[in-house]
Amino acid sequence: MNTEQWLDRWLGSRVVGPKTLERYERAVESLKKSLMFIDISEINPELVEKICGEDPSLRSVLSMALGEAVKASLLKSNPAVIKREQRSPKEGSLFYRANRKAWVAQVTRLGPDGKRVQNVKYIKVEKRTKNPPDAAIRALEELKQTEFGSILVKGKSTVSELMTEWLASIRVQNIGGGEGLARTTFEQYESLARHQVIPWIGNIRVKDLDRVRVDKWLKDLEATAYVLPSGKTRTYSANTIRLSRVVLGKALQWAMREGVVSRNVVKESSPAGGRSRPEKNAMSEDQARQLIEATRGSDLGALWALMITTGLRRGEALGLRWQDYDGESITVTSQLKLEGGKVVRGDLKTDKSRRRLKLPDFLVTDLEDHRRTQLESAARDGRKSPELIFINSNGGPIRPDNLNKRFASACKKAGIGPHEDGRAWSVHELRHTAASQLLSNRVPMQIVSRTLGHSSITVTLDVYSHLSDSDSESVADAMENMYGKKVSEK
């Protein structure tokens, strides 16, 4: 589509006040002169930079207009959005603040109470420059040295300081993947440090931390109740307490490498209990068949059938592209996940999660029908052929956190009620359903493990051994057939 036409359409759809509309109109007229006769698909970051330069108003309006174009599937991404790499807290940040006419040097660390503490310096400039001035760079280095340069001192460092420095040392992946710790994992570590470690033992000196203190901390967590937004009171789950212990242990292991401590006292501690996880539930064979039959031919019917028959994780299924499907099998190479509230393509959970899975014939038929319907819909709406196998109504990726709502509707359509305790079925339980059916049909544990993409068969045994308890019945029958008759004859 011609960019001038799209800008006019976008402007006509705005519902704003008179002053804002006037500002938009001025920006649109300026943009139309620069983008005359240019198709919207030809706009790239270099062109945006050339047109908008240092004018924030032009960039803002163009970014909003192109954002709507992305929603309408005219663009895959917004070239006016400046993407920033995820950086370690230890790196700090430099940015320009127009209202103060100054460059800002800023570093953030965790305080003794677990809350973020910012240290900021402003470097005034007469005119904004593309790159920060030397004075701003020096200011940032000074702040980093002050905040992170020598926090850990033998004999004096507190657990709070240890957690801060350890988190700052972690290399975090850029958005979409790459080397380093996954961003979501880092955020989980940071949250555990801020809420479960620092408020409880943050003021204790690292040298004074011993097995007794760690055990007491874990017991205190186990006995602590907190109030949910609904008003209900809950205690920490066993998994939260386990992960809190893991995070402290990782920080102490790092401190050992830095020569701050001589041993990791967490390894000497006893893991505490906590509220047990709810038992993993799986649909019965009849329920699973009921769901597949009731949703067959719907926009996500093939997705539910795929997850039931292969045990794919939610992000793996939503990340499948047509190039990953060869007419009889799918190859799992990546997954969709949320980072900073946005859907991105990322690496798989483990190396063994990369796998090729042959599909049952009925599912191949369903996927072919799904592809035909998808292509017809794209042609009717004037969109490009979708890359993803499963898309939302706008042709874009489905947000993983929205899938449970769609699944609840599918269960209702299939007449599948909630669990006995009133909980609704979750999408992840389709993975448990796949494991349950495979084990019930005597599929060897090694094959089940490879199908699910577990890092080792030990994980499969730990997670799903309870689903195969019925095997003991077949073992008893086999022993009876082998020995029962002969024993009875004596």
Inset, instruction - In vacuum, with every alpha carbon of segment 89-268 counted as one equal point scatterer, what does the Debye formula give for log10 I(q)/I(0) at q = 0.10 Å⁻¹? Two decimals, please. - result: -0.49
Legend entry - Projected-area mean, segment 3-71, by convex hull of Cα positions, square nanometres: 4.3
Legend entry - Amide proton proximity set for Glu339, modelled H, under 5 Å, gap of 5+: Val344
Legend entry - Set Lys76/Lys337; Lys19/Lys50; Lys101/Lys130; Lys19/Lys342; Lys32/Lys127 screened for pairs whose C-alpha atoms are more than 23 Å apart: Lys19/Lys50; Lys19/Lys342; Lys32/Lys127
Inset, instruction - Provide the packing ranking of 372-380, 327-335, i.e. peptides ordered by the mean count of other C-beta atoms within 10 Å per residue, highest first. - result: 327-335, 372-380
Inset, instruction - Please state, rounded to one decimal and in Å, the Kirkwood hydrodynamic radius that segment 285-468 gives when every pair of distinct Cα atoms enters the mean of 1/r. - result: 17.1
Legend entry - Summed side-chain charge close to Met307 - residues other than Met307 whose Cβ falls under 10 Å, Lys, Arg +1, Asp, Glu -1: +1
Legend entry - Rh (Kirkwood; distinct C-alpha pairs) - segment 169-274, Å: 15.0
Legend entry - Counted charge near Pro133, where neighbours are those whose Cβ lies closer than 12 Å (Asp, Glu -1; Lys, Arg +1): +3
Legend entry - Computed [θ] at 222 nm, deg cm²/dmol, the chain (DSSP H ≥ 4; -39,500 (n - 2.57); rounded to nearest 500): -14000 deg cm²/dmol
Inset, instruction - Please report, to two decimal places, log10 I(q)/I(0) for segment 352-400 at q = 0.26, 0.28 Å⁻¹ as given by the Debye formula with identical point scatterers on the Cα atoms and no solvent. - result: -1.00, -1.05
Inset, instruction - Alpha carbons only, please: Rg and Dmax for the chain, in angstrom. - result: 28.2, 105
Legend entry - Alpha-carbon Rg with Dmax, taken over segment 284-365, Å: 13.5, 39
Legend entry - Electrostatic dipole magnitude of segment 89-268 [Cβ: Lys, Arg +1; Asp, Glu -1; Cα centre; debye, to 20]: 360
Inset, instruction - Please name which of Ser230, Val265, Ile398 has its Cα lying farthest along the dipole of the chain towards the positive end, using unit charges on Cβ (Lys, Arg +1; Asp, Glu -1) and the Cα centre as origin. - result: Val265
Legend entry - Residue-count net charge about Arg355 - beta-carbon cut-off 12 Å; Lys, Arg +1, Asp, Glu -1: +4
Legend entry - Cα Rg, Dmax, segment 220-379, angstrom units: 22.3, 66
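Each reported figure results from applying straightforward, stated rules to the coordinates on display, with no laboratory input. Bear in mind that the values here come from a model prediction, so they are computed numbers and not experimental data. With ideal geometry, Cβ positions are generated from the backbone for all residues, glycine too; neighbour counts draw on all protein chains shown.
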